[in-house]
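Below is one structure, written out as structure tokens; comments come after it.
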């Protein structure tokens, strides 16, 4: 393992979001990327070049044989998450995995048990709730500004990926869809604010069965949809709060908020949970205007700058800090609970009945 004061990072997966992690992790001097891996050797070589001339590259096996790697950052496609995470854990490495933690609930449970048995840390995205928006929203709630939370709404709407992504096929195949692709950001933010979910009632369906891709430089023209693309659910939180949610790749145009929480004294409006920053707004009963809450932690960058907001890394730094005794906030129990909530939306629809959660988690510690 690393002999200096930095934590050695190995990244598995040098695809679409790799550069976001490289640039984002570069903001944390206590973290150092030492090895990258990909099934495509040329992509791994290119990825290493983006990190620096001394970065090793190659296969997963080669990365796991590098004793400088303490934390494996697993940013492979969702359907590959489980295999890479298990291999890394069995090689004695701590793991941070992109969302969702796996695409299968039973496998996720097994991997949490494996990490515990081996005495290793397992964490998972999304980590955006660690940013200024999530932390400020949490402070507003904990401070009692809107009174006791009663209800909430959350709306996942279409990113219009067909118009800008050259091949968004993965979004409409198993492991994709609005529930698993964007749902983790919203449910994680809700759990951060309101605590664990006790019961889910949901229904989902396919919208348009064939998607036309119009993106410049597209590599596919049409996509056959294999997952439900529109879902609606009620999340009953253990605290008693009821949240109505819509998760859809069929809502293109709208005037909907991202997340709102309704309390006995007022309303809290939370910005896009896919971003770290943004205006958190409060409006108390009887007031005629919204008030923007001052950020309780430093912002990552301008809220309207994708260049800053899409940089990843706080969750990896959070895991590394937990190895030195700090609270682990973007933790595997949180990621597992969020996955169970999302899985229950489809399961509830198939059963025609509410689904009680078998997992729970603590609200993540605040900064």
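The values are calculated or read from the model by the stated rules, or taken from the named source; none is laboratory data. In this text, all values refer to a predicted model and were calculated from it rather than measured experimentally. We place every Cβ from the backbone using ideal geometry, glycine too, and count neighbours over all the protein chains shown.
Among the residues of segment 162-202, the one identified as surrounded by 24 or more Cβ atoms within 10 Å (Cβ to Cβ) and at positive phi is 177. Is it the case that residue 261 is in contact with a helix residue (DSSP H, G or I) (Cβ under 8 Å, 6 or more places away or on another chain), modelled with pLDDT of 95 or more and either in a strand (DSSP E or B) or not assigned by TED's automatic domain parsing to the domain that holds residue 156 (or both)? Yes, satisfied. Would you confirm whether or not segment 141-160 contains a residue that is at pLDDT 95 or above, within 26 Å of residue 322 (Cα to Cα), in contact with a strand residue (DSSP E or B) (Cβ under 6 Å, 6 or more places away or on another chain) and in a helix (DSSP H, G or I)? No, segment 141-160 has no match at all. Of everything in segment 246-303 that is more than 20 Å from the chain's Cα centre (by Cα) and within 30 Å of residue 225 (Cα to Cα), the residue that is surrounded by the fewest Cβ atoms within 10 Å (Cβ to Cβ) is 255.
Right, residue 148: surrounded by fewer than 23 Cβ atoms within 10 Å (Cβ to Cβ), over 21 Å from the mean Cα position of the chain (by Cα) and within 30 Å of residue 283 (Cβ to Cβ) or not?
Spelling it out, residue 148 is indeed surrounded by fewer than 23 Cβ atoms within 10 Å (Cβ to Cβ), over 21 Å from the mean Cα position of the chain (by Cα) and within 30 Å of residue 283 (Cβ to Cβ).
Helices (runs of 4 or more DSSP H) wholly in segment 1-65 with at least 1 residues that are more than 25 Å from the chain's Cα centre (by Cα) and exposed (fewer than 14 other Cβ atoms within 10 Å of the Cβ) - which ones? Answer list for segment 1-65: 41-51, 60-64.
Any residue at all in segment 318-336 that is in a loop (DSSP other than H, G, I, E, B), without any contact (Cβ under 8 Å) to a residue 12 or more places away in the chain and touching a helix residue (DSSP H, G or I) at 6+ places or on another chain (Cβ under 9 Å)?
Yes, segment 318-336 contains at least one residue that is in a loop (DSSP other than H, G, I, E, B), without any contact (Cβ under 8 Å) to a residue 12 or more places away in the chain and touching a helix residue (DSSP H, G or I) at 6+ places or on another chain (Cβ under 9 Å).
For segment 225-238, the condition holds for at least one residue, the condition being that it is out of contact with any helix residue (DSSP H, G or I) (no Cβ under 9 Å at 6 or more places or on another chain), part of a strand (DSSP E or B), in contact (Cβ under 8 Å) with a residue 40 or more places away in the chain and crowded, with 16+ Cβ neighbours inside 10 Å. Answer yes if at least one residue in segment 167-183 is outside any strand (DSSP E or B), at pLDDT 95 or above and more than 23 Å from the chain's Cα centre (by Cα), and no otherwise. No: segment 167-183 contains no residue that is outside any strand (DSSP E or B), at pLDDT 95 or above and more than 23 Å from the chain's Cα centre (by Cα). Residues that are assigned by TED's automatic domain parsing to the domain that holds residue 190 and under 22 Å from residue 73 (Cβ atoms) do not occur anywhere in segment 278-294.
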